[in-house]
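This report refers to the structure that appears directly beneath it.
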2 protein chains.
Amino acid sequence: METFFTLLEKRVDDCSSLLCVGLDPHVSDLKEPSPASALDFCLTLVRETAPYAAAFKPNAAFFEAFGAEGWAALKQVIEAIREEGARLGSRIPIILDAKRGDIASTAEAYAKSAFENLGVDCITLSPYLGKDSIEPFIQNPEKGVFLLCKTSNAGSMDLQNLLVMPMGSDMPMPLYIYVAKLAEQWNEKNNVGLVVGATHPQIMEMIRAAVPDLWFLSPGVGAQGGELELALKSGLRADGKGMLIPISRGISRAENPKLAAAEIRDHILYIKHQK
Amino acid sequence: METFFTLLEKRVDDCSSLLCVGLDPHVSDLKEPSPASALDFCLTLVRETAPYAAAFKPNAAFFEAFGAEGWAALKQVIEAIREEGARLGSRIPIILDAKRGDIASTAEAYAKSAFENLGVDCITLSPYLGKDSIEPFIQNPEKGVFLLCKTSNAGSMDLQNLLVMPMGSDMPMPLYIYVAKLAEQWNEKNNVGLVVGATHPQIMEMIRAAVPDLWFLSPGVGAQGGELELALKSGLRADGKGMLIPISRGISRAENPKLAAAEIRDHILYIKHQK
C-alpha cells in the first residue's frame with residue numbers, strides 16, 4: 001500500500017536527497033511587497049532547485065499575509081511543483097507548513113483546504129488539541145502530517161521541555177518525548193512524522209532513541225543556527241533516511257540557488273556516508 | 001490606554017452581552033458549497049445578530065476550505081461587521097479563530113495577515129511554541145489573543161491534562177494550569193486571554209481560581225454539549241465579566257437567528273444576575 005512515507009522515500013531515492021526546499025516568500029526577500037512578486041520568487045526557486053528537492057515546503061503564513069491573492073499564489077506554486085515533478089518523472093511531495101490544530105469538525109475543513117483545495121501531500125500540525133484534532137488529516141494513508149514535537153525556536157523551552165508525569169507512570173519525561181511516543185502510536189498508517197528542530201541536537205538524539213522509526217522534519221539549519229552535520233548524526237535513522245532538512249534562506253538568498261541546493265544535497269550525502 | 005480588553009469591555013457594556021457570534025460557514029450549512037454562499041450565510045448572520053454580539057468570531061478554516069475566494073469572502077465578512085458596528089455606533093471586536101502558532105519570523109507574517117490584511121482585533125493562538133511565538137501578536141495593546149488552554153474537545157485530555165513539574169517546583173500541576181499562569185505573566189498589556197472550553201466546568205473553575213482576572217473564550221455550549229449556566233457559574237469573574245460565550249450552530253441553525261441571539265444574550269444576563 002502506498003503511504004505518505006513510502007511516497008516520500010521513493011522521491012528520496014530518485015534524487016538521492018534529504019533536502020526539503022522551504023518556500024518562504026518573506027516580504028523582505030521580495031523585489032516588491034506584492035503577491036505577484038511572492039509568486040515569482042517561489043516559481044524561480046522551484047524551477048532551480050527541483051532536481052535536488054526531496055520535498056518542497058511552502059509556508060502558509062507568507063502567502064496568507066497577502067490575503068486572497070496570496071492564497072491564489074500559493075495554489076499556483078503548488079501546481080508549478082507538480083509540473084516540475086512531471087517533467088522530472090518523479091512526484092515531489094509537498095508539505096504545507098501551516099501548523100494548524102483545531103477541534104475535529106474544524107480540522108476537517110483545514111484538511112479539505114490543504115489536501116483537496118490546495119492539493120498538498122502533507123501538513124505540519126500542532127499536537128496541543130490531541131488525537132481527535134489530528135485524525136481528519138491521517139485517514140488517507142497517502143496524506144501525511146508532521147506533528148510539532150520540539151521546535152527550533154528558543155521559546156520551545158516554555159512548554160515542550162516541561163517534565164510531565166504520564167497517567168499510570170511514576171517516571172517523569174519531557175513533554176517532547178511524550179508527544180513523540182503519542183505520534184508513534186498514532187502512526188498506524190505510516191503517515192505521521194515529527195517536527196524536531198536541528199537547533200537542539202542532544203534533544204534530537206533523545207527523541208530518535210525514543211522513536212527509532214519516525215520521520216523527522218528538522219528546521220533550523222543555517223539561518224537559525226543549527227548545524228547540518230550534528231543534526232544528521234543525531235537524527236538519521238539506522239537506514240540513513242528518516243530526516244528531511246528544510247532550508248529556505250540558505251538557498252533563496254544564495255547567489256546561485258540551484259548551486260546552493262545541489263551543494264546542500266551533496267553535503268548531506270557526504271555526511272550520511274561518513275556516519 | 002486603550003487595550004483589546006478595554007475595547008471589548010466597552011462593547012460588552014454597550015450591548016449588555018457576553019455572546020460571541022461564531023461565523024462558521026460549514027459546507028453542510030450552506031445553500032450550495034460555494035464561497036458566495038459562505039459569504040451570504042455570514043452576512044445574514046452578521047446583520048441579524050449584531051445588536052446582541054459582544055464580538056464576532058469568524059473561523060478561518062471554513063473560509064480557507066474555499067481557497068482564495070474563501071479568503072476574499074472572509075475579508076468581506078470582516079468589512080461587513082465594521083459597517084454594522086458603525087451603524088450601531090459601537091465598535092464590535094472581531095476575533096479570528098485561527099489557532100496559529102509558529103516561530104517568531106513566521107508568526108510576524110501571521111500577525112500581519114490577521115491584523116493588517118484582514119483587519120481583525122484578536123486571534124486565537126496555540127501556546128505550544130512558547131512566548132516568542134506569541135510576542136508578534138501582542139506588541140500592540142489594542143490587538144489581543146486568546147491562547148488555547150483547555151479546549152472543548154475530548155482529545156484535549158491527551159496533552160492538556162498532563163501533570164507537569166515546573167522547574168524549581170515539586171508541586172505537579174495540570175498543563176492547562178501551567179499555560180494559564182504563563183498567559184497571566186504574558187498579559188502585561190491587558191491583551192492576553194484564554195480559550196477554556198465550556199464542556200469541562202470543573203476544570204474551568206480551577207483555571208478561574210488560578211487566574212482570577214483573565215478573559216476566557218469558552219466554546220462548547222450547545223452543539224458540543226456544554227451547559228451555559230454551569231459554564232457561567234464556573235468561569236465568570238467577580239465583576240460579572242471575563243467570559244465570552246461563542247455560539248455558532250445554536251444561532252445559525254435556529255429558525256430565527258436574530259431571536260436566538262437575543263434570547264441567548266438575555267439568558268446570559270439572567271444567569272449573571274442570579275449568580
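What to note about this one:
- Candidates in the stretch B:65-93 are the residues that are within 16 Å of B:Cys20 (Cβ to Cβ) and assigned to a loop (DSSP other than H, G, I, E, B); of these, the one that is farthest from the other protein chains (Cβ to nearest Cβ) is B:Ser90.
- Filtered by the rule that a residue be aliphatic (A, V, I, L, M) and either more than 9 Å from chain B (Cβ to nearest Cβ) or at positive phi (or both), the stretch A:112-133 gives A:Val120, A:Ile123, A:Leu125.
- Of the residues making up the stretch A:185-194, those that are over 14 Å from A:Gly130 (Cβ atoms) and surrounded by fewer than 16 Cβ atoms within 10 Å (Cβ to Cβ) number 1.
- If you go through the stretch A:46-64 and pick out every residue that is open to solvent by 10 Å² or more (accessible area, probe 1.4 Å) and farther than 23 Å from B:Gly67 by Cα, you end up with 4.
- Test set (1) open to solvent by 30 Å² or more (accessible area, probe 1.4 Å); (2) within 11 Å of chain B (Cβ to nearest Cβ); (3) touching a Leu at 6+ places or on another chain (Cβ under 9 Å) - A:Ser105 fails condition number: (3)
- Cβ separations smaller than 7 Å between residues 6+ apart or across chains give the following pairs from the stretch A:10-35 residues that are at negative phi to residues that are open to solvent by 50 Å² or more (accessible area, probe 1.4 Å) and among the hydrophobic types (A, V, I, L, M, F, W, C): A:Pro33/A:Val27.
- Screening B:Leu96 against (1) within 26 Å of B:Phe41 (Cα to Cα); (2) at the interface with chain A (Cβ under 7 Å from one of its Cβ atoms); (3) not in a helix (DSSP H, G or I) leaves a single unmet condition, (2).
- Residue in the stretch B:142-154 that is farther than 24 Å from B:Ile245 by Cβ and either more than 8 Å from chain A (Cβ to nearest Cβ) or at pLDDT below 95 (or both) present: no
- Within the stretch A:195-231, considering residues that are more than 14 Å from A:Cys149 (Cβ to Cβ) and of a type in the set (Gly, Ala, Ser), the one surrounded by the fewest Cβ atoms within 10 Å (Cβ to Cβ): A:Gly225
- Neighbours by Cβ (under 6 Å, 6+ apart or cross-chain): first from the stretch B:244-261, under 25 Å from B:Lys10 (Cβ atoms); second of a type in the set (Ser, Thr, Tyr) and open to solvent by 20 Å² or more (accessible area, probe 1.4 Å): B:Ala261/B:Tyr52
- Count - residues of the stretch B:232-255 that are exposed (fewer than 15 other Cβ atoms within 10 Å of the Cβ) and under 14 Å from B:Val21 (Cα atoms): 1
- Within the stretch B:163-176, residues that are closer than 16 Å to B:Thr151 by Cα sit with their Cβ atoms under 6 Å from residues that are polar (S, T, N, Q) and modelled with pLDDT of 90 or more, at 6+ positions apart or across chains, in these pairs: B:Pro174/B:Asn161; B:Leu175/B:Gln160; B:Tyr176/B:Gln160.
Residue by residue, here is whether (1) away from chain A (no Cβ under 14 Å); (2) touching a Cys at 6+ places or on another chain (Cβ under 7 Å) holds:
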residue	(1), (2)
B:Leu159	no, no
B:Asn190	yes, no
B:Ile207	yes, yes
B:Pro212	yes, no
B:Phe216	yes, no
B:Leu228	yes, no
B:Leu232	yes, no
B:Gly242	yes, no
B:Pro246	no, yes
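- Any chance B:Thr6 is touching a residue at least 24 places away in the same chain (Cβ under 8 Å), more than 10 Å from chain A (Cβ to nearest Cβ) and more than 21 Å from B:Trp215 (Cβ to Cβ): no
- Scanning the stretch A:9-40 for residues that are of a type outside the set (Gly, Ala, Ser), more than 17 Å from the chain's Cα centre (by Cα), more than 14 Å from chain B (Cβ to nearest Cβ) and open to solvent by 10 Å² or more (accessible area, probe 1.4 Å) yields A:Asp13, A:Asp14, A:Lys31, A:Glu32, A:Asp40.
- One residue from A:Gln185, A:Gln202 being within 14 Å of chain B (Cβ to nearest Cβ) and either of a type outside the set (Asp, Glu) or at positive phi (or both): A:Gln185
- Considering residues of the stretch A:80-122 that are among the acidic types (Asp, Glu) and without any contact (Cβ under 8 Å) to a residue 24 or more places away in the chain only, the residue nearest to A:Val196 (Cα to Cα): A:Glu116
- Selection within the stretch A:122-143 - farther than 16 Å from A:Lys112 by Cβ and surrounded by 21 or more Cβ atoms within 10 Å (Cβ to Cβ): A:Thr124, A:Ser126, A:Pro127, A:Tyr128, A:Leu129, A:Gly130
- A:Arg87 being at pLDDT 95 or above, open to solvent by 40 Å² or more (accessible area, probe 1.4 Å), farther than 18 Å from B:Asn153 by Cβ and in contact with a Lys or Arg (Cβ under 7 Å, 6 or more places away or on another chain): no
The values are calculated or read from the model by the stated rules, or taken from the named source; none is laboratory data. Just so you know, these numbers come straight off a predicted model, no measurement behind them. With ideal geometry, Cβ positions are generated from the backbone for all residues, glycine too; neighbour counts draw on all protein chains shown. Heavy atoms of the whole protein, side chains included, go into the accessibility calculation; ligands, DNA and RNA do not. Shrake-Rupley method; radii C 1.70, N 1.55, O 1.52, S 1.80 Å.
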